[in-house]
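The values are calculated or read from the model by the stated rules, or taken from the named source; none is laboratory data. Keep in mind that what you see is a predicted model, and the values were worked out from it rather than measured. Cβ sites come from the backbone with ideal geometry, for glycine too, and all protein chains shown count toward neighbours.
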Amino acid sequence: MVCVRILLMIAVEVKKLCFSYPGGESVLRDVSFSVYYGEVLVIAGLSGSGKTTLCRILCGIIPHAVKGEVSGEVAVAGIDPIEAGLTKISLKAGMVFQDADSQIVCSTVEDEIAFALENHCVPPEEIRLRVDELLAEFGLMALRLENPSRLSGGMKKLLTIASVLATAPPVLILDEPMSGLDSEGRALVRSAIEAQRSNGKAVIMVEHDLSLADFADRWLLIHEGKIAACDTPGRIKDGEDMLNKLRLTP
C-alpha cells in the first residue's frame, strides 16, 4: 500500500523499502510513503511490526551502526540516509530515543544542548546564541546549570528534543516520546511537537497508544512489516475494523 498526500514540499520519501536483519526474516516489506514539511506523521503498530526499525533507517542508524540488508529508495531532506554517513544525515534528521536517559551524556542542561554543535565545530559565539535560543524556546532557561538527572521525565524529554534540534535538522523523529510520562509531561511534549510542526519541520512520531496521537495530521499503521493504512486520524477511526484488527483502538 502506498501512502500519499498532496502538499507543497516532500521532506521524506520512501519507495518499496525492504529490510531484514542478518540471518533473519524480513522486518519491512515494500513500504512506501511520504512525509511533508509542516506535518506530524504518527507511525503505529504492534510490538515487532517494524516501527522503530523504519525510524532507524530514516536517521541512518541502519545500516551504518546496525547492520542488515536494505533495498528500496529513501530520501530524507534530499539525502539518501542509506548512502550518506551518520554525520551528514544527522544534519537532516534528528532522532529522539524512547529512553531519554540513554541519550543524555552531559552533566548540565546547557552542555547537553551544546554537545552536538561542538561536535560539528560550530564557533563558540554561535553555540552560545543557539543554546540560549533553545533554552528559551523549551522553557529550560532556569534549569540551564541543572544536572539532567534531576529533571522530571517530561523535562528530560524536552531536553533531548532541544538537543537534537540544536543543529536545526528539518526532520524530527521521535520514538514513543510519551512513554513513561505523566499527563503533565505528555502535555509538555505534545506542545513541543506541535510547535515544531508550526515551525515547518516534518515530524515523525512512533506511538503505540493512538489516543495520545489525535493531534497528528496522519496515522501510518504498520502490520507485520507492511503498511496497513495511512490516512487522517478521523478517517482511520471511521474504519474501526482496521483498528480492531490491529488491536490499536484508541
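Regarding the range 91-113, can at least one residue be identified that is in contact with a Lys or Arg (Cβ under 7 Å, 6 or more places away or on another chain) and under 20 Å from K201 (Cα atoms)?
no
Would you confirm whether any residue within the range 139-150 is surrounded by fewer than 17 Cβ atoms within 10 Å (Cβ to Cβ), among the hydrophobic types (A, V, I, L, M, F, W, C) and in contact with a Ser or Thr (Cβ under 9 Å, 6 or more places away or on another chain)?
Going through the range 139-150, the residues surrounded by fewer than 17 Cβ atoms within 10 Å (Cβ to Cβ) turn out to be 139, 141-142, 144-147, 149-150.
With the extra rule that they be among the hydrophobic types (A, V, I, L, M, F, W, C), the set shrinks to 141-142, 145.
Of the ones still in play, those that are also in contact with a Ser or Thr (Cβ under 9 Å, 6 or more places away or on another chain) are 145.
Yes - at least one qualifying residue is present in the range 139-150.
What's the number of the condition T160 fails, among (1) in contact (Cβ under 8 Å) with a residue 60 or more places away in the chain; (2) hydroxyl-bearing (S, T, Y); (3) farther than 23 Å from D209 by Cβ?
(3)
Can you find a residue that is of a type outside the set (D, E) and within 18 Å of V42 (Cα to Cα) anywhere in the range 137-150?
If we filter the range 137-150 for residues that are of a type outside the set (D, E), which is where we start, we get 138-145, 147-150.
Then drop every residue that is not within 18 Å of V42 (Cα to Cα), which leaves none.
Taking every residue of the range 137-150 in turn, none turns out to be of a type outside the set (D, E) and within 18 Å of V42 (Cα to Cα).
Please state which of the following conditions I204 fails to meet, knowing it meets all the rest: (1) over 18 Å from the mean Cα position of the chain (by Cα); (2) surrounded by 21 or more Cβ atoms within 10 Å (Cβ to Cβ).
Here I204 clears every test but (1).
Mind checking which residues of the range 100-126 are assigned to a helix (DSSP H, G or I), surrounded by 14 or more Cβ atoms within 10 Å (Cβ to Cβ), in contact (Cβ under 8 Å) with a residue 12 or more places away in the chain and not β-branched (V, I, T)? Write out each step before concluding.
We begin by selecting, within the range 100-126, every residue assigned to a helix (DSSP H, G or I); these are 100-103, 109-119, 124-126.
Those left that are additionally surrounded by 14 or more Cβ atoms within 10 Å (Cβ to Cβ): 100, 103, 109-117.
Next, only the ones that are in contact (Cβ under 8 Å) with a residue 12 or more places away in the chain stay: 100, 103, 109-110, 112-117.
Passing the criteria: A100, Q103, E110, E112, A114, F115, A116, L117.
Residues are listed down the side, and each one gets a yes or a no for (1) at pLDDT 95 or above; (2) surrounded by fewer than 21 Cβ atoms within 10 Å (Cβ to Cβ); (3) part of a strand (DSSP E or B):
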{"position": "E13", "(1), (2), (3)": "yes, yes, yes"}
{"position": "K16", "(1), (2), (3)": "yes, yes, yes"}
{"position": "F19", "(1), (2), (3)": "yes, no, yes"}
{"position": "V35", "(1), (2), (3)": "yes, no, yes"}
{"position": "L41", "(1), (2), (3)": "yes, no, yes"}
{"position": "I57", "(1), (2), (3)": "yes, no, no"}
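Residues that are at pLDDT 95 or above and closer than 19 Å to G94 by Cβ: which strands (runs of 3 or more DSSP E) entirely in the range 138-250 hold 1 or more of them? Lay out the reasoning, then the answer.
On the way: elements: 171-175, 202-206, 218-223, 226-231.
Here the list reads 171-175, 202-206.
Please go through the range 66-86 and pick out each residue that is in contact (Cβ under 8 Å) with a residue 24 or more places away in the chain and in a strand (DSSP E or B).
Within the range 66-86, E69, V70, S71, G72, E73, V74, A75, V76 meet the criteria.
Condition first: modelled with pLDDT under 95, out of contact with any helix residue (DSSP H, G or I) (no Cβ under 6 Å at 6 or more places or on another chain) and not in a helix (DSSP H, G or I). Can you find one or more residues in the range 87-95 that meet it?
Checked the range 87-95: no residue is modelled with pLDDT under 95, out of contact with any helix residue (DSSP H, G or I) (no Cβ under 6 Å at 6 or more places or on another chain) and not in a helix (DSSP H, G or I).
Of everything in the range 59-83, what is over 17 Å from the mean Cα position of the chain (by Cα) and either buried (at least 22 other Cβ atoms within 10 Å of the Cβ) or more than 14 Å from V12 (Cβ to Cβ) (or both)? Give them in sequence order.
Scanning the range 59-83 gives P63, H64, A65, V66, K67, G68, E69, V70, S71, E83.
Let me confirm something: among S191, S211, which residue is closer than 15 Å to L46 by Cα and surrounded by fewer than 17 Cβ atoms within 10 Å (Cβ to Cβ)?
On the way: S191 fails: closer than 15 Å to L46 by Cα.
Selected residue: S211, the only one of S191, S211 that is closer than 15 Å to L46 by Cα and surrounded by fewer than 17 Cβ atoms within 10 Å (Cβ to Cβ).
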